[in-house]
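What follows is a short report on a single structure.
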Amino acid sequence: MTRYAIEAEGLVKRYGQTTALDGIDLVAREGAVLALLGPNGAGKTTTVRMLATLITPDAGRAAIGGHDIVRDAVQVRRLIGLTGQYASVDEEMTGFENLVLLGRLLDFSRSDARARARELLERFHLTEAAHRPPGTYSGGMRRRLDLAASLVGRPRFLYLDEPTTGLDPRSRGDVWDLVRGLVADEGVTVLLTTQYLDEADQLAHDIAVIDQGRVIANGTADALKAQIGGQSLEIRPADPARVDDTVAIVAELTGLTPDRDSRPGVVTVSVHDPDLLPYVVRRLDEAGIRATELALRLPSLDEVFLELTGRQPAENSGPRAA
């Protein structure tokens, strides 16, 4: 028995002189989403490929549902589904034929494979496109078909490697809803890699930040935001001419120099005492300054990521593997 659905300890992978993973430790709770965040080359995809038994570790160990990824690789493959960064379906076959083929490869009977294909096409809102080749699908439809393909065998664990890259906001939202449904309704454990910080914020129960082949931080989104400290007070005066006056008031009350350049017309300052807000409101009112925006907020995951790694998630980290 294992305490966690996914456990990894000290995973190492080298390609010649390049170290892709340098002692990765991970745990994922059953029926939850664990997001792996990191810049290009941080080791996210290498981690997924290793946990999917596609490559073997040079050191360390990992277990999926209590099954070792090296000793019990065949059993692990029976438990998982994988959706990679790029569409993996056959372009010449229809959506329905793709799903039936996968069912047959998984030893479904012909009737069961066809029934499962119809079930998934309906679930993923692809019934009307079932008998068209994927080449005629939109980007969002193709990703939904990819996700459906990874679920043919009813996996307990689903690996999603940057599943919404290149999708428009509506299609991304559709994929998010599907993932939430799998977790909430079927108890699927999801391992998600993404460079979209809002995606991790929306979906992940837990987050691991990977950089240069190591986990440099982990926890819930709120815990990671709290880790870099404080909240931000943001004020947008209705009259742009009163920005200087707003800066002066905020500086006096906080003893800090507010930022007025990151967002034009908005005065921003770090606040460690949320009880300061009523005093700010009172002073603005006394000065006759009306605000169209006035809010305290936690740091965003983008700010957390930048603080932890010193760069944005899509920036390349050098010669390491993905």
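The values are calculated or read from the model by the stated rules, or taken from the named source; none is laboratory data. Since the structure is predicted, the reported quantities are computational estimates derived from the model, not experimental observations. Note that each Cβ is placed from the backbone with ideal geometry, even for glycine, and that neighbours are counted across all protein chains shown. To get the accessible areas, we keep the full protein, side chains included, count just its heavy atoms, and leave off ligands, DNA and RNA. Shrake-Rupley method; radii C 1.70, N 1.55, O 1.52, S 1.80 Å.
Cα axis of helix 139-150 to longest principal axis of the chain: angle in degrees, 0 to 90, nearest 10?
50 degrees
Give me D for the range 6-122 in µm² s⁻¹, whole number, from Stokes-Einstein with Rh from the Kirkwood sum over alpha-carbon pairs, 20 °C and 1.002 mPa s.
Details: Rh = 16.2 Å.
The calculation lands on 132 µm²/s.
For the range 214-291 and the range 142-190, compute the distance between their C-alpha centroids and round to whole Å.
Measuring centre to centre over Cα atoms gives 37 Å.
Taking the Cβ of GLU91 as the center, what net charge do the other residues with Cβ under 13 Å away carry, scoring Lys and Arg +1 and Asp and Glu -1?
On the way: positive: ARG132, ARG142; negative: ASP90, GLU92, GLU97, ASP146.
Neighbour charge sum, excluding GLU91 itself: -2.
Binning at 5 angstrom from zero up to the longest distance, how are the C-alpha pair distances of the range 171-247 distributed in percent?
Using 5 Å bins, I get a P(r) of 3, 11, 16, 17, 13, 11, 10, 8, 6, 4, 1, 0 for the range 171-247.
Hey, what number do you get for the chain at 222 nm if only DSSP H runs of n ≥ 4 count, each worth -39500 (n - 2.57), divided across all residues, to the nearest 500?
-10500 deg cm²/dmol, from helical runs alone.
Helix 95-105 against the longest principal axis of the chain: what's the angle in degrees, Cα atoms only, rounded to the nearest 10?
Taking the Cα atoms of the chain, the angle to 95-105 is about 60 degrees.
Per residue, how large is the accessible surface of the range 194-276? Use a 1.4 angstrom probe and give square angstrom.
Result: 48 Å² of accessible area for each residue.
Using a cut-off of 10 Å between beta-carbons, work out the net charge of the residues near THR164 (Lys and Arg +1, Asp and Glu -1, THR164 not included).
-2
How charged is the neighbourhood of ALA287? Take every other residue with its Cβ under 13 Å from the Cβ of ALA287, and add Lys/Arg as +1 and Asp/Glu as -1.
Details: positive: ARG242, ARG282, ARG283, ARG290; negative: ASP239, ASP244, ASP245, GLU252, ASP285, GLU286.
Once all neighbours under 13 Å are counted, the net charge is -2.
Relative contact order, percent, of the chain when contacts are C-alpha pairs under 8 Å separated by at least 6 residues?
Contact order relative to length: 24 percent.
What is the ratio of the Cα radius of gyration of the range 58-177 to 2.2 N^0.38 Å, where N is its residue count, to two decimals?
Against the compact-globule rule of thumb, the ratio is 1.12.
So how strong a dipole does the chain carry about its Cα centre when Lys and Arg Cβ are +1 and Asp and Glu Cβ are -1, to the nearest 20 debye?
1140 debye
May I ask you to order 141-148, 70-77 by the average number of other C-beta atoms within 10 Å around their residues, highest value first?
141-148, 70-77
To one decimal place, what orientation-averaged projected area in nm² is obtained for the convex hull of the Cα set of the range 65-119?
Average projection, Cα convex hull of the range 65-119: 5.0 nm².
Could you compute how fast the chain diffuses translationally, taking Rh as the Kirkwood radius over C-alpha pairs and applying Stokes-Einstein at 10 °C with viscosity 1.306 mPa s? Give it in µm² per second.
72 µm²/s
For the range 173-311, give the percent of accessible area contributed by carbon and sulfur heavy atoms, probe 1.4 Å, rounded to a whole number.
Carbon and sulfur atoms account for 47 percent of the accessible area of the range 173-311.
Suppose we take every Cα in the range 24-67 and form the convex hull; what volume per residue is that in Å³? Intermediate results must be reported in sequence, preceding the final value.
Details: hull volume 3.8 nm³, N = 44.
Enclosed volume per residue, from the Cα hull, is 86 Å³.
Pop out the carbon and sulfur fraction of the accessible area of the range 58-158 as a percent, whole number, probe 1.4 Å.
Numbers: 2590 of 5280 Å².
Carbon-and-sulfur percentage of accessible area, whole number: 49.
Rounding to the nearest 10 and keeping the result within 0 to 90°, find how far the Cα-based axis of helix 110-123 lies from the longest principal axis of the chain.
That works out to roughly 10 degrees.
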